[in-house]
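Dropping the structure in here first, questions after.
The values are calculated or read from the model by the stated rules, or taken from the named source; none is laboratory data. Quick caveat, the model's predicted, so the values are computed rather than measured. All Cβ positions, even for glycine, are placed from backbone atoms using ideal geometry, and neighbour counts span all protein chains on display.
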Amino acid sequence: MLPSNAPDWEAANPPPNKGGPRVSAGLAVTLGLLIVLIGVIAFAVTRLPTGPVARPAAPTPEAAATGGGITADAATQQAIQDVIRNVDDAQVQAIASNNPRLSIATATPEFNAEQAAGNQDLLDNGVTEVKLLKMEWGQITVNGNSASATVYETWTMTLDDGTTVQSRDRNIYTLVKDNSGNWAVQADVHPDQPGAPPTN
């Protein structure tokens with residue numbers, strides 16, 4: 001509650017000193033620190049990089065397929081390419097010999113089973129011959145005991161009515177090391193085909 005008369009209020013709140021305001025030591029220190037802080041901020045702002053901010057690149061499907069990995073050295077790349085060529089050669093032989101279950105030494109048992117089912121599907125649809133015309137190698141990465149290899153493969157298929165069909169597809173192979181430390185194909189996806197499973 002405010003005092004009831006002016007004299008009591010003036011006594012409780014004396015008028016300011018007529019000699020002018022006095023700056024306390026605490027206020028002087030505060031002002032000094034504020035000036036230093038402004039100087040530090042100004043210096044820091046001048047050290048900031050100029051130009052556009054770099055954004056991380058979106059992961060490629062190949063990278064997503066392996067969870068990253070590093071580019072394989074030349075010897076590892078050659079070994080992986082040889083393993084994949086063996087898998088493709090085995091498919092050519094399986095169709096030529098009408099033996100869809102032809103086992104592939106450089107593949108896991110699971111991949112052998114998938115490949116046999118795929119070969120049987122080709123035979124059931126009248127394919128009498130397949131030929132691998134070209135392999136265009138992309139990124140090959142290694143992540144511990146697993147690897148990923150991208151290759152564009154151009155194939156021809158001959159049907160029992162003599163028709164020949166040619167196709168070029170992107171393949172992303174997943175490989176693992178077997179107990180002997182050799183690479184073996186575990187999976188092969190065709191991410192550009194309609195209805196293909198995701199690569200991550």
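List the number of the failed condition for Ala184; all other conditions in (1) under 21 Å from the mean Cα position of the chain (by Cα); (2) closer than 19 Å to Ala79 by Cβ hold.
(1)
Also: Can you report the number of residues in the stretch 163-177 which are within 13 Å of Thr108 (Cα to Cα) and touching a residue at least 40 places away in the same chain (Cβ under 8 Å)? Before you say what the answer is, go through the steps one by one.
The initial filter retains those residues of the stretch 163-177 that are within 13 Å of Thr108 (Cα to Cα), namely 173-177.
Cutting the leftovers down to touching a residue at least 40 places away in the same chain (Cβ under 8 Å) gives us 173-176.
Final tally of qualifying residues: 4.
Residue-by-condition table, conditions (1) over 27 Å from the mean Cα position of the chain (by Cα); (2) among the small types (Gly, Ala, Ser); (3) at pLDDT below 95:
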| position | (1), (2), (3) |
| --- | --- |
| Gln120 | yes, no, no |
| Leu123 | yes, no, no |
| Glu129 | yes, no, no |
| Glu136 | no, no, no |
| Gln139 | no, no, no |
| Asn143 | no, no, no |
| Ser146 | no, yes, no |
| Ala149 | no, yes, no |
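Quick check, is Asn145 in contact (Cβ under 8 Å) with a residue 12 or more places away in the chain, under 20 Å from Ala72 (Cα atoms) and surrounded by fewer than 14 Cβ atoms within 10 Å (Cβ to Cβ)?
yes
Of the conditions (1) modelled with pLDDT under 95; (2) more than 24 Å from Gly69 (Cβ to Cβ); (3) not basic (Lys, Arg), Thr164 fails just one. Which one is it?
(1)
Shifting gears a bit: Test Gln115 against the stated conditions and say whether it is surrounded by 14 or more Cβ atoms within 10 Å (Cβ to Cβ) and within 27 Å of Ala74 (Cα to Cα).
Details: surrounded by 14 or more Cβ atoms within 10 Å (Cβ to Cβ): yes; within 27 Å of Ala74 (Cα to Cα): no.
No, not satisfied.
So is Thr108 at negative phi, touching a residue at least 40 places away in the same chain (Cβ under 8 Å) and out of contact with any Lys or Arg (no Cβ under 6 Å at 6 or more places or on another chain) or not? Write out each step before concluding.
Values: at negative phi: yes; touching a residue at least 40 places away in the same chain (Cβ under 8 Å): yes; out of contact with any Lys or Arg (no Cβ under 6 Å at 6 or more places or on another chain): yes.
Here the answer is yes, as Thr108 does meet what is asked.
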